[in-house]
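Novice: The structure is given below, and queries will be raised subsequently.
The values are calculated or read from the model by the stated rules, or taken from the named source; none is laboratory data. Quantities reported herein were computed from a predicted structural model and do not represent experimental measurements. In this analysis, Cβ positions are derived from the backbone assuming ideal geometry, glycine residues included, and neighbour counts consider all displayed protein chains. These area figures cover heavy atoms from the full protein model, side chains too; ligands, DNA and RNA do not enter into them. Shrake-Rupley method; radii C 1.70, N 1.55, O 1.52, S 1.80 Å.
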Amino acid sequence: QVQLVESGGGLVQAGGSLRLSCTASGSGFSINAMGWYRQAPGKQRELVARITSGGSTNYADSVKGRFTISRDNAKNTVYLQMNSLKPEDTAVYYCAMVAGGIYYWGKGTLVTVSS
C-alpha cells in the first residue's frame, strides 16, 4: 500500500519562506513523477510544481521564480521550497505521485500566508 506523508506547512508572514516535504512509502511501485498541488478555499485544485523521475520540472506561472521543487530519489521524497510567499499562496498543499499510471495523493498540509 502506497502512502504519501507531507510535512512543513504552517503560518508565515508575507515575504517569508517555507519548505514542504513529502515522502512516499510502501513497496512495489516505480515513481514516474512527483509534485505539489494546492487548493484554496472556494477554488479548484491546481498544479503548483511537478518533477519527473528524470529531473524535468514544470511550474505554475504564479510561482515561477519563487518556488523550487526538488527530489531525493533514494528517499522517495519530494520537496517544495517556497520563497517570497504571498497571501494568495494560502491553500492546502497536496503531494501527488504518479506510479504505474496511477495517481496517489497525500492528505494535504495547510499553508497560511498573512499580510
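Novice: Those residues that are farther than 18 Å from Ser114 by Cβ and part of a loop (DSSP other than H, G, I, E, B), I need them from the range 54-100; list them, please.
Specialist: Within the range 54-100, Gly54, Gly55, Ser56, Ala60, Lys64, Gly65, Asn76, Gly100 meet the criteria.
Novice: Something else now. Just to be sure, is Ser21 surrounded by fewer than 14 Cβ atoms within 10 Å (Cβ to Cβ) and of a type in the set (Ser, Thr, Tyr)?
Specialist: For Ser21, the condition - surrounded by fewer than 14 Cβ atoms within 10 Å (Cβ to Cβ) and of a type in the set (Ser, Thr, Tyr) - is not met.
Novice: Let me ask something else. Tally up the residues in the range 30-71 that are aliphatic (A, V, I, L, M), within 11 Å of the chain's Cα centre (by Cα) and crowded, with 19+ Cβ neighbours inside 10 Å, please.
Specialist: 5
Novice: Please go through (1) in contact (Cβ under 8 Å) with a residue 60 or more places away in the chain; (2) surrounded by 19 or more Cβ atoms within 10 Å (Cβ to Cβ) for Val78 and return the number of the only condition it doesn't satisfy.
Specialist: (1)
Novice: Quick one: how many residues across the range 95-104 are open to solvent by 40 Å² or more (accessible area, probe 1.4 Å) and in contact with a Leu (Cβ under 9 Å, 6 or more places away or on another chain)?
Specialist: Going through the range 95-104 one residue at a time, the tally reaches 1.
Novice: Would you mind telling me which numbered condition in (1) under 16 Å from Thr109 (Cα atoms); (2) surrounded by fewer than 16 Cβ atoms within 10 Å (Cβ to Cβ); (3) over 14 Å from the mean Cα position of the chain (by Cα) Ser27 fails?
Specialist: It fails just one condition, (1).
Novice: Only residues that are polar (S, T, N, Q) and open to solvent by 50 Å² or more (accessible area, probe 1.4 Å): list them for the range 81-94, please. Can you show your working first?
Specialist: Within the range 81-94, the subset polar (S, T, N, Q) is 81, 83-84, 90.
Listed by number, the residues that qualify are Gln81, Asn83, Ser84.
Novice: Separate question: Kindly establish whether Lys107 is in contact (Cβ under 8 Å) with a residue 60 or more places away in the chain, in a loop (DSSP other than H, G, I, E, B) and open to solvent by 30 Å² or more (accessible area, probe 1.4 Å).
Specialist: Yes: the conditions hold for Lys107.
Novice: Condition check: of a type in the set (A, V, I, L, M, F, W, C) and either part of a loop (DSSP other than H, G, I, E, B) or free of Cβ contacts under 8 Å to residues at least 40 places away in the same chain (or both). Does Ala49 satisfy that?
Specialist: Values: of a type in the set (A, V, I, L, M, F, W, C): yes; either part of a loop (DSSP other than H, G, I, E, B) or free of Cβ contacts under 8 Å to residues at least 40 places away in the same chain (or both): yes.
Considered against the rule, which asks whether it is of a type in the set (A, V, I, L, M, F, W, C) and either part of a loop (DSSP other than H, G, I, E, B) or free of Cβ contacts under 8 Å to residues at least 40 places away in the same chain (or both), Ala49 comes out as yes.
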